[in-house]
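A.B. asks: Submitted below is the structure of interest, expressed as structure tokens.
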Amino acid sequence: MTGPIKPFTFLQVSDVHLDSKLASTKLALPATKRQERNQEILAALVRSLDLAREREVDAVLIPGDLWDSESVTSQTINRLIEALMTLGQIPVVIAPGNHDYCAGDSLYEPKVLAARGMRPWPENVHVFRSPEFTTWQHPRRPDVAFSGRAFTSNVPVRERLLAAPVPKLDAAAINILLFHGSLDGYTGGDSGWPGKQTAPFSSAELASLGFNYAAIGHYHDFTEIRAERGRLLGAYSGCLVGRGFDEAGPRYALLGTITSREDDPPVSSLEKIEIDQRRLILAACDITGRTSEAVLEEVAETLAEAGARKQADLVHLRLEGRHHTGAEPDYVLEQLKDAYYHLVVEDDTRPDYLTEKVDRRTTEGRFIQAMLELKAKAEASGGALPDSVDGLPLTTRVIEDALYYGLDALKQKRVLVRHVD
């Protein structure tokens, strides 16, 4: 079928992870800010639904991980239900993922809500409940249909679910797939996390199914999925709000429009909308040879270039290089800790010990010489020696740590742990 069709508009959000534990050690949020941040995540979702209502979209698409099943509270679900009710007749289509899976004890189940004395899901909300693909027709747009499935547990799915035919409504001019799974070759920020692999699929498998668009969830960076000739097949909206420094930078909801059939020239479009009022920022600054005042100036310039907004953002700053002996760089945190909503300073600097003259006949001199020789052997062996200490491989990094911690003890009579892998 070819020819023009009535445009279909949608808002897509996923991987919101309401009531996350936010327990990442690298994030290092105190309990009060973890609670506050979770309230901000909920508020961001509510704002995205407000946007859907303001733009009068035809549907809201949520391909999974709306909350974290192990930690979400009834209070949060009640607030979510209230927000969904404000959409009136705008359908909300949900394909539960592995974190908000749909099982007998799930908060997607009406009987569970009733047992807790909670209000039911609004009539405008459709939840795919089966692990098998089913279809659902838009109640006000009979020319639009949705296909989707649900995870029924938080267990990785190894099957290639899109390698087999997926049912769709042939009578509909627009068929949309909601799917929670792992794109082959995904290059987003969290692609190296093995635990994230579930329900794998390829862009070729998706293209073969013939859907007009696929709203995909699971991976946390915005990613368009295109066919070989460039046609837009679908997209990950990514997580709505960054919850750790592996989710740095702007996060989005998507406003989409479908204005052609699958076999027409591709004119479907996506608009990225940043909802969260905060960003997580990663930055690194080399402080080698700088005085305390110059370090602060360099750090301020580095954070400004990284786009860190004072009082608003969560910032992870990595200090690198060599500082003057006795001039510990922890004053950076003391000076800037109140400048941002949350600041973590990772000290990966070294005292500038090796530029000092040392008598090789002394204990200190012999220690330095022995450790540098050991490091050279590790470098010559490809970065690590075959030996180990208590199971810890003797890499060049471990040897260098031992050198500087030993010099801390010899020179300053104390050891400061600056770096933890």
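The values are calculated or read from the model by the stated rules, or taken from the named source; none is laboratory data. These numbers were taken from a predicted model, which means no experiment stands behind them. All Cβ positions, glycine included, derive from the backbone under ideal geometry; neighbour counts span all protein chains shown.
A.B. asks: Just give me the residues in segment 132-142 being in a loop (DSSP other than H, G, I, E, B), surrounded by 16 or more Cβ atoms within 10 Å (Cβ to Cβ) and not basic (Lys, Arg), in sequence order.
C.D. replies: Step one: of segment 132-142, the residues in a loop (DSSP other than H, G, I, E, B) are 132-133, 138-142.
Among the residues that remain, those that are also surrounded by 16 or more Cβ atoms within 10 Å (Cβ to Cβ) are: 133, 138, 141.
Selection gives Phe133, His138.
A.B. asks: From the list Ala114, Ala204, exactly one residue is more than 29 Å from Leu84 (Cα to Cα), exposed (fewer than 14 other Cβ atoms within 10 Å of the Cβ) and of a type in the set (A, V, I, L, M, F, W, C). Which is it?
C.D. replies: Ala204
This table checks each residue for (1) more than 21 Å from Gly97 (Cβ to Cβ); (2) assigned by TED's automatic domain parsing to the domain that holds Lys33; (3) out of contact with any Leu (no Cβ under 9 Å at 6 or more places or on another chain).
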| residue | (1), (2), (3) |
| --- | --- |
| Leu270 | no, yes, no |
| Ile287 | yes, no, no |
| Val295 | yes, no, no |
| Ala300 | yes, no, no |
| Gln311 | yes, no, yes |
| Arg318 | yes, no, no |
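A.B. asks: Restricting to segment 3-27, name every residue that is at positive phi and surrounded by 14 or more Cβ atoms within 10 Å (Cβ to Cβ).
C.D. replies: Within segment 3-27, the first condition is being at positive phi, and the residues that meet it are 3, 15, 17, 19, 22.
Asp15, His17, Asp19, Leu22 - these are the residues of segment 3-27 that are at positive phi and surrounded by 14 or more Cβ atoms within 10 Å (Cβ to Cβ).
A.B. asks: Being surrounded by fewer than 18 Cβ atoms within 10 Å (Cβ to Cβ) and modelled with pLDDT under 95 narrows it down to one residue among Glu40, Glu70, Glu82; which is it? Full working, then the answer.
C.D. replies: Numbers: Glu40 fails: modelled with pLDDT under 95; Glu82 fails: modelled with pLDDT under 95.
That would be Glu70, the only listed residue that is surrounded by fewer than 18 Cβ atoms within 10 Å (Cβ to Cβ) and modelled with pLDDT under 95.
A.B. asks: Something else now. Could you grab me the full set of residues in segment 378-396 that are at pLDDT below 85 and charged (D, E, K, R)?
C.D. replies: Going through segment 378-396, the residues at pLDDT below 85 turn out to be 386-393.
Residues satisfying the conditions are Asp387, Asp390.
Residue by residue, here is whether (1) within 18 Å of Leu240 (Cα to Cα); (2) surrounded by 20 or more Cβ atoms within 10 Å (Cβ to Cβ); (3) under 26 Å from the mean Cα position of the chain (by Cα) holds:
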residue: Glu56; (1), (2), (3): no, no, no
residue: Pro63; (1), (2), (3): yes, yes, yes
residue: Ser74; (1), (2), (3): no, no, yes
residue: Asn78; (1), (2), (3): no, no, yes
residue: Asp100; (1), (2), (3): yes, yes, yes
residue: Gly104; (1), (2), (3): no, no, no
residue: Leu107; (1), (2), (3): no, yes, yes
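A.B. asks: Do we find a residue being within 25 Å of Arg47 (Cα to Cα), surrounded by fewer than 18 Cβ atoms within 10 Å (Cβ to Cβ) and among the charged types (D, E, K, R) anywhere in segment 122-129?
C.D. replies: yes
A.B. asks: Another one. Could you list, in sequence order, the residues of segment 84-112 that are charged (D, E, K, R), under 20 Å from Gly148 (Cα atoms) and without any contact (Cβ under 8 Å) to a residue 24 or more places away in the chain? Before the answer, list the steps.
C.D. replies: Taking segment 84-112 first, the residues charged (D, E, K, R) are 100, 105, 109, 111.
Still in the list and also under 20 Å from Gly148 (Cα atoms): 100, 109.
Once the filter is applied, which keeps residues that are charged (D, E, K, R), under 20 Å from Gly148 (Cα atoms) and without any contact (Cβ under 8 Å) to a residue 24 or more places away in the chain, segment 84-112 yields only Glu109.
A.B. asks: Give all pairs with beta carbons closer than 6 Å in which a residue from segment 328-349 that is polar (S, T, N, Q) meets a residue that is at pLDDT 90 or above; count only pairs at least 6 apart in sequence or on separate chains.
C.D. replies: Thr349/Leu319
A.B. asks: Still on this structure, I have one more. Which residue pairs have Cβ atoms under 6 Å apart, sit 6 or more places apart or on different chains, and have a first residue in segment 167-187 that is in contact (Cβ under 8 Å) with a residue 12 or more places away in the chain and in the same structural domain as Pro91 (by TED's automatic domain parsing) and a second that is assigned to a loop (DSSP other than H, G, I, E, B) and aromatic (Phe, Trp, Tyr)?
C.D. replies: Cβ pairs passing all conditions: Pro167/Phe133; Asn175/Phe211; Leu177/Phe211; Tyr186/Tyr219.
A.B. asks: Moving to a separate point now. Give the residue that is farthest from Ala253 (Cα to Cα), with candidates limited to residues of segment 272-299 that are of a type in the set (Val, Ile, Thr) and not in a helix (DSSP H, G or I). Walk me through it before giving the result.
C.D. replies: Going residue by residue through segment 272-299, those that are of a type in the set (Val, Ile, Thr) are 273, 275, 281, 287-288, 291, 295, 299.
Restricting the remaining residues to those that are not in a helix (DSSP H, G or I) gives 273, 275, 281, 287-288, 291.
On the way: Ile273: 5, Ile275: 7, Ile281: 19, Ile287: 38, Thr288: 41, Thr291: 44 Å.
The qualifying residue farthest from Ala253 (Cα to Cα) is Thr291.
A.B. asks: When the residues of segment 17-45 are filtered to those that are β-branched (Val, Ile, Thr) and not in a loop (DSSP other than H, G, I, E, B), which remaining residue is nearest to Trp67 (Cα to Cα)? Give the derivation first.
C.D. replies: Step one: of segment 17-45, the residues β-branched (Val, Ile, Thr) are 25, 32, 41.
When the remaining residues are screened for being not in a loop (DSSP other than H, G, I, E, B), the result is 32, 41.
Values: Thr32: 20, Ile41: 10 Å.
Here the residue is Ile41.
A.B. asks: Looking at Ala306, Ala253, Ala300 in this structure, which one is hydrophobic (A, V, I, L, M, F, W, C), modelled with pLDDT of 95 or more and over 17 Å from Leu61 (Cβ atoms)? Quick ask: steps written out before the conclusion?
C.D. replies: Values: Ala253 fails: over 17 Å from Leu61 (Cβ atoms); Ala300 fails: modelled with pLDDT of 95 or more.
One residue alone meets the criteria, Ala306.
A.B. asks: Select from segment 284-297 the residues that are crowded, with 18+ Cβ neighbours inside 10 Å and at pLDDT 85 or above and list them in ascending order.
C.D. replies: Step one: list which residues in segment 284-297 are crowded, with 18+ Cβ neighbours inside 10 Å, which gives 285, 287, 290, 295.
Cys285, Ile287, Val295 - these are the residues of segment 284-297 that are crowded, with 18+ Cβ neighbours inside 10 Å and at pLDDT 85 or above.
A.B. asks: Of all residues being touching a residue at least 60 places away in the same chain (Cβ under 8 Å) and assigned to a loop (DSSP other than H, G, I, E, B) in segment 143-158, which is surrounded by the most Cβ atoms within 10 Å (Cβ to Cβ)? Just the residue, please.
C.D. replies: Result: Phe151.
A.B. asks: Continuing with this model, one more query. Working carefully through the options Ser69, Ser48, find the one that is under 21 Å from the mean Cα position of the chain (by Cα), in the same structural domain as His138 (by TED's automatic domain parsing), closer than 24 Å to Phe146 by Cβ and not in a loop (DSSP other than H, G, I, E, B).
C.D. replies: Details: Ser69 fails: not in a loop (DSSP other than H, G, I, E, B).
None of the other options fit; the residue is Ser48.
A.B. asks: Let me ask something else. Of all residues in segment 51-66, which are in a strand (DSSP E or B) and touching a His at 6+ places or on another chain (Cβ under 8 Å)? First the steps, then the outcome.
C.D. replies: The initial filter retains those residues of segment 51-66 that are in a strand (DSSP E or B), namely 59-62.
Passing the criteria: only Ala59.
A.B. asks: Residues in segment 220-261 that are part of a loop (DSSP other than H, G, I, E, B) and over 22 Å from Leu42 (Cβ atoms): how many?
C.D. replies: Start the filter on segment 220-261 by keeping residues that are part of a loop (DSSP other than H, G, I, E, B), which leaves 220-222, 227-231, 237-238, 240-244, 248, 250-251, 259-261.
From what is left, the residues that are over 22 Å from Leu42 (Cβ atoms) are 227-231, 259-261.
Total satisfying the criteria: 8.
A.B. asks: How about segment 350-380: which of its residues are part of a loop (DSSP other than H, G, I, E, B), surrounded by 13 or more Cβ atoms within 10 Å (Cβ to Cβ) and of a type outside the set (D, E, K, R)? Steps first, please.
C.D. replies: As a first pass, look at segment 350-380 and keep what is part of a loop (DSSP other than H, G, I, E, B): 352, 356-362.
Those still in the list that are surrounded by 13 or more Cβ atoms within 10 Å (Cβ to Cβ) too: 352, 358.
Once the filter is applied, which keeps residues that are part of a loop (DSSP other than H, G, I, E, B), surrounded by 13 or more Cβ atoms within 10 Å (Cβ to Cβ) and of a type outside the set (D, E, K, R), segment 350-380 yields only Val358.
A.B. asks: To continue, here is another question. Restrict the check to segment 217-239 and report whether at least one residue is modelled with pLDDT of 95 or more, surrounded by fewer than 22 Cβ atoms within 10 Å (Cβ to Cβ) and aromatic (Phe, Trp, Tyr).
C.D. replies: yes
A.B. asks: Could you check, for segment 264-279, whether at least one of its residues is acidic (Asp, Glu), within 30 Å of Glu305 (Cα to Cα), touching a helix residue (DSSP H, G or I) at 6+ places or on another chain (Cβ under 7 Å) and at pLDDT below 90? Show your work before the answer.
C.D. replies: If we filter segment 264-279 for residues that are acidic (Asp, Glu), which is where we start, we get 264, 271, 274, 276.
Of the ones still in play, those that are also within 30 Å of Glu305 (Cα to Cα) are 271, 274, 276.
If we keep only those that are touching a helix residue (DSSP H, G or I) at 6+ places or on another chain (Cβ under 7 Å) as well, we get 276.
Filter again for at pLDDT below 90, leaving none.
Checking segment 264-279: not a single residue is acidic (Asp, Glu), within 30 Å of Glu305 (Cα to Cα), touching a helix residue (DSSP H, G or I) at 6+ places or on another chain (Cβ under 7 Å) and at pLDDT below 90.
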